[in-house]
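The values are calculated or read from the model by the stated rules, or taken from the named source; none is laboratory data. Everything quoted here is computed from the prediction, not taken from an experiment. Cβ sites come from the backbone with ideal geometry, for glycine too, and all protein chains shown count toward neighbours.
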Amino acid sequence: MEENMVPNSTEITDDDKLWALLSWITGVVAIVALLMEDKKDRPFIKYNAVMSLVVVVVITILVAIISAITCGIGAILVLAYIYPIYLGIKAFQGEWVEVPYVTDFCKKQGWI
């Protein structure tokens, strides 16, 4: 397994933590963070913005597929959107969150 992406030379600022939290809560902020020059160069912000977008896309696809298969009963899986909020809180605490399979996938793609 690859080592965590925890750069020793870059300190995680309060601004980084706030942007990470907001990226997990709303995808729009994640996109904005990746488009802003000063934000996308911050490893903690980029890591959380990319991860949040991938996680939300995966959850959305799974909810859609399971809802279609179960004739809408799977719509209760919308509760899965609580997971990104939990990860956002962990990121706000300064932790480099890892999501099984998703983190490895993003690293292999070179996104983080």
Between Ala64, Ala49, Ala68, which is closer than 20 Å to Trp19 by Cβ and not β-branched (Val, Ile, Thr)? Ala49
When Val50 is run through (1) modelled with pLDDT of 95 or more; (2) surrounded by fewer than 16 Cβ atoms within 10 Å (Cβ to Cβ); (3) not aromatic (Phe, Trp, Tyr), the failure sits at (2)
Inside segment 26-43, the number of residues satisfying the requirement of being crowded, with 19+ Cβ neighbours inside 10 Å and of a type in the set (A, V, I, L, M) is 3
For Val57, indicate whether it is surrounded by 14 or more Cβ atoms within 10 Å (Cβ to Cβ), of a type in the set (A, V, I, L, M, F, W, C) and in a helix (DSSP H, G or I). no
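Take the residues in segment 65-112 that are in a loop (DSSP other than H, G, I, E, B) and among the polar types (S, T, N, Q); name whichever of them is modelled with the lowest pLDDT.
Thr70
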Any residue in segment 23-45 that is assigned to a loop (DSSP other than H, G, I, E, B), modelled with pLDDT under 90 and of a type in the set (A, V, I, L, M, F, W, C)? no
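Taking the conditions exactly as written (surrounded by 14 or more Cβ atoms within 10 Å (Cβ to Cβ) and either farther than 19 Å from Ser23 by Cβ or more than 13 Å from the chain's Cα centre (by Cα) (or both)), does Gly88 satisfy them or not?
no
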Name, by its number, the condition in (1) of a type outside the set (Asp, Glu); (2) over 14 Å from the mean Cα position of the chain (by Cα); (3) crowded, with 16+ Cβ neighbours inside 10 Å that does not hold for Ser23. (2)
